Amino acid sequence: MSAKVLLAPMAGVSDLAFRDICIAHGADLTYSEMVSAKGLSYGSEKTKDLIKLSPSEKVIGVQLFGHESDVMASQAAWVEDVLQDRLACIDINMGCPARKIVAKGDGAALMKSPDLAKEIVRAVKRSVRCPVSVKFRRGWAQGDDTSVSFAKIVEDAGADAITLHGRYAMQYYKGSSDRACIAAVKNALSIPVIGNGDIRCGQDALSMLDQTGCDHVMVARSAVGNPWIFEEIHAAFDGRAFKPPTLEERINAMREHARKLHDMHPRLLLRMRKHAAAYIKGIPGASAARASLNECTTLDDFYRLFDAFAQRASIGASSVDDMTVDPFDDLAEQEQEDAS
């Protein structure tokens, strides 16, 4: 099957360390965290760091957000100058529902201003040589599906591809992602369409392709704590059986992930708290380990906790709620904080 499996841009999640791990497990293309065009224009070093590539990334998609067409265009050109042939595409964020993003007219707020959205796409397209894509949602207000009309607008403005998340902006990450709207957009456009939303396993990716006819699939929250999902999806595409990771493989992945975050910058190691909570979900002893994660501040702290967890899990400690707790249920709020 020729469909690609992409790792979504996620604020506070899709950093260099996480992307590196997902590539090792089969992600065909990764995207940066969402990058503020305004922040780049101010010369923010912290913002510039978001477009640094991992050692295993031959190319990367860089997602920019903003609402000023001239700033978006100039900073897209700057990114292309920096990354050159390692830039796969510039992706324009028109779907982030985080309050601090839409309050400034960025992200999903652009779906309410189609003329401005068109202007931004045209300006960015004129400023770069690489492909330009747009990521957006089914619509702004729940029940008001504008996906087809908005998709046609950005296609007419010059977008080379679109990614559609099947939820309304005001749904945040609640409810389910609709696939009928993705199928409708695919039928209406001549450019590639990437399906996004509720891809939690290999079968979900297959059904996304079958039900919508989309060209590729994009995985977001389901990759957190489970980079093996890319292997699972490729196995499903190829008709092969997938073998889930062992406890030892999970522990090793956590240690590697923590080390990579620490190597990026010691302050980023605190992100490992939420990642570790996702890695151990469903394993005996996870509840007790989650309670201790917030006390971890150094790499050795995390290593000691991982080793203790592995020892406890191997002897069959029990936890009745491990399968129901999702540390990323509030990812919308996490994005809101990290992108501010």
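Against the condition farther than 30 Å from Ser207 by Cα, touching a helix residue (DSSP H, G or I) at 6+ places or on another chain (Cβ under 7 Å), surrounded by fewer than 20 Cβ atoms within 10 Å (Cβ to Cβ) and modelled with pLDDT of 85 or more, how does Leu268 come out, does it pass? Steps first, answer last, please.
Working: farther than 30 Å from Ser207 by Cα: yes; touching a helix residue (DSSP H, G or I) at 6+ places or on another chain (Cβ under 7 Å): yes; surrounded by fewer than 20 Cβ atoms within 10 Å (Cβ to Cβ): yes; modelled with pLDDT of 85 or more: yes.
Against the criterion (farther than 30 Å from Ser207 by Cα, touching a helix residue (DSSP H, G or I) at 6+ places or on another chain (Cβ under 7 Å), surrounded by fewer than 20 Cβ atoms within 10 Å (Cβ to Cβ) and modelled with pLDDT of 85 or more), Leu268 qualifies.
Condition check: under 19 Å from the mean Cα position of the chain (by Cα), of a type in the set (Phe, Trp, Tyr) and open to solvent by 40 Å² or more (accessible area, probe 1.4 Å). Does Tyr172 satisfy that?
Against the criterion (under 19 Å from the mean Cα position of the chain (by Cα), of a type in the set (Phe, Trp, Tyr) and open to solvent by 40 Å² or more (accessible area, probe 1.4 Å)), Tyr172 qualifies.
Taking the options Val35, Val59, name whichever one is more than 20 Å from His275 (Cβ to Cβ) and buried (at least 19 other Cβ atoms within 10 Å of the Cβ). Give the steps one after another, and end with the answer.
Numbers: Val59 fails: buried (at least 19 other Cβ atoms within 10 Å of the Cβ).
Just one listed residue meets the conditions, Val35.
Yes/no matrix, rows are residues, columns are (1) among the aromatic types (Phe, Trp, Tyr); (2) under 27 Å from Tyr31 (Cα atoms); (3) modelled with pLDDT under 95:
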site: Ala223; (1), (2), (3): no, yes, no
site: Phe237; (1), (2), (3): yes, yes, no
site: Glu248; (1), (2), (3): no, no, yes
site: Ala253; (1), (2), (3): no, yes, no
site: His257; (1), (2), (3): no, yes, no
site: Gly282; (1), (2), (3): no, no, yes
site: Gly285; (1), (2), (3): no, no, yes
site: Ser292; (1), (2), (3): no, no, yes
site: Cys296; (1), (2), (3): no, no, no
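Just checking: which of the helices (runs of 4 or more DSSP H) contained wholly in segment 1-96 hold 1 or more residues that are within 26 Å of Val193 (Cβ to Cβ), of a type in the set (Gly, Ala, Ser) and touching a residue at least 40 places away in the same chain (Cβ under 8 Å)?
Numbers: elements: 16-24, 37-41, 45-48, 69-83.
Ranges flagged: 69-83.
Can we say Arg167 is crowded, with 19+ Cβ neighbours inside 10 Å and closer than 19 Å to Thr146 by Cβ? Break it down into steps so the answer makes sense when it comes.
Working: crowded, with 19+ Cβ neighbours inside 10 Å: yes; closer than 19 Å to Thr146 by Cβ: yes.
The answer is yes for Arg167.
What about Ala278, is it in contact with a Pro (Cβ under 9 Å, 6 or more places away or on another chain), open to solvent by less than 20 Å² (accessible area, probe 1.4 Å), without any contact (Cβ under 8 Å) to a residue 60 or more places away in the chain and assigned to a helix (DSSP H, G or I)?
On the way: in contact with a Pro (Cβ under 9 Å, 6 or more places away or on another chain): yes; open to solvent by less than 20 Å² (accessible area, probe 1.4 Å): yes; without any contact (Cβ under 8 Å) to a residue 60 or more places away in the chain: yes; assigned to a helix (DSSP H, G or I): yes.
Considered against the rule, which asks whether it is in contact with a Pro (Cβ under 9 Å, 6 or more places away or on another chain), open to solvent by less than 20 Å² (accessible area, probe 1.4 Å), without any contact (Cβ under 8 Å) to a residue 60 or more places away in the chain and assigned to a helix (DSSP H, G or I), Ala278 comes out as yes.
If I ask for residues that are of a type outside the set (Gly, Ala, Ser) and touching a helix residue (DSSP H, G or I) at 6+ places or on another chain (Cβ under 6 Å), which ones from segment 153-166 would you list?
Listed by number, the residues that qualify are Ile153, Val154, Ile162, Leu164.
Which residue pairs have Cβ atoms under 6 Å apart, sit 6 or more places apart or on different chains, and have a first residue in segment 174-199 that is farther than 21 Å from Ala98 by Cβ and at pLDDT 95 or above and a second that is of a type in the set (A, V, I, L, M) and open to solvent by 10 Å² or more (accessible area, probe 1.4 Å)?
Taking only residues 6 or more apart or on different chains, the pairs are Ala184/Val148; Val185/Val148; Ala188/Val148; Ile191/Ala161; Pro192/Ala161.
Within segment 132-161, work out how many residues are surrounded by fewer than 16 Cβ atoms within 10 Å (Cβ to Cβ), among the charged types (D, E, K, R) and more than 13 Å from Val193 (Cβ to Cβ).
Of the residues in that region, 2 qualify.
For residues in segment 97-130 being of a type in the set (Lys, Arg), assigned to a helix (DSSP H, G or I) and more than 20 Å from the chain's Cα centre (by Cα), which is surrounded by the fewest Cβ atoms within 10 Å (Cβ to Cβ)?
Taking segment 97-130 as the starting set, the residues that turn out to be of a type in the set (Lys, Arg) are 99-100, 104, 112, 118, 122, 125-126, 129.
In the following step, the residues that additionally are assigned to a helix (DSSP H, G or I) were identified as 99-100, 112, 118, 122, 125-126.
With the extra rule that they be more than 20 Å from the chain's Cα centre (by Cα), the set shrinks to 112, 118, 122, 125-126.
Values: Lys112: 16, Lys118: 19, Arg122: 18, Lys125: 19, Arg126: 13.
By that ranking, first place goes to Arg126.
Ala286 versus (1) in contact (Cβ under 8 Å) with a residue 40 or more places away in the chain; (2) in contact with an Asp or Glu (Cβ under 7 Å, 6 or more places away or on another chain): which is the lone unmet condition?
(1)
Inside segment 308-340, can you point out the residues that are open to solvent by less than 80 Å² (accessible area, probe 1.4 Å) and at pLDDT 85 or above?
Ala308, Phe309, Ala310 - these are the residues of segment 308-340 that are open to solvent by less than 80 Å² (accessible area, probe 1.4 Å) and at pLDDT 85 or above.
Of all residues in segment 206-220, how many are of a type in the set (Asp, Glu) and over 21 Å from Cys22 (Cα atoms)?
First pass over segment 206-220, keeping only residues of a type in the set (Asp, Glu): 210, 215.
In the following step, the residues that additionally are over 21 Å from Cys22 (Cα atoms) were identified as 210.
Looking only at that region, the number is 1.
The values are calculated or read from the model by the stated rules, or taken from the named source; none is laboratory data. These numbers come from a predicted model, not from an experiment. Don't worry about glycine lacking a Cβ; one is built from the backbone with ideal geometry, like all the others, and counts go over all protein chains shown. To get the accessible areas, we keep the full protein, side chains included, count just its heavy atoms, and leave off ligands, DNA and RNA. Shrake-Rupley method; radii C 1.70, N 1.55, O 1.52, S 1.80 Å.
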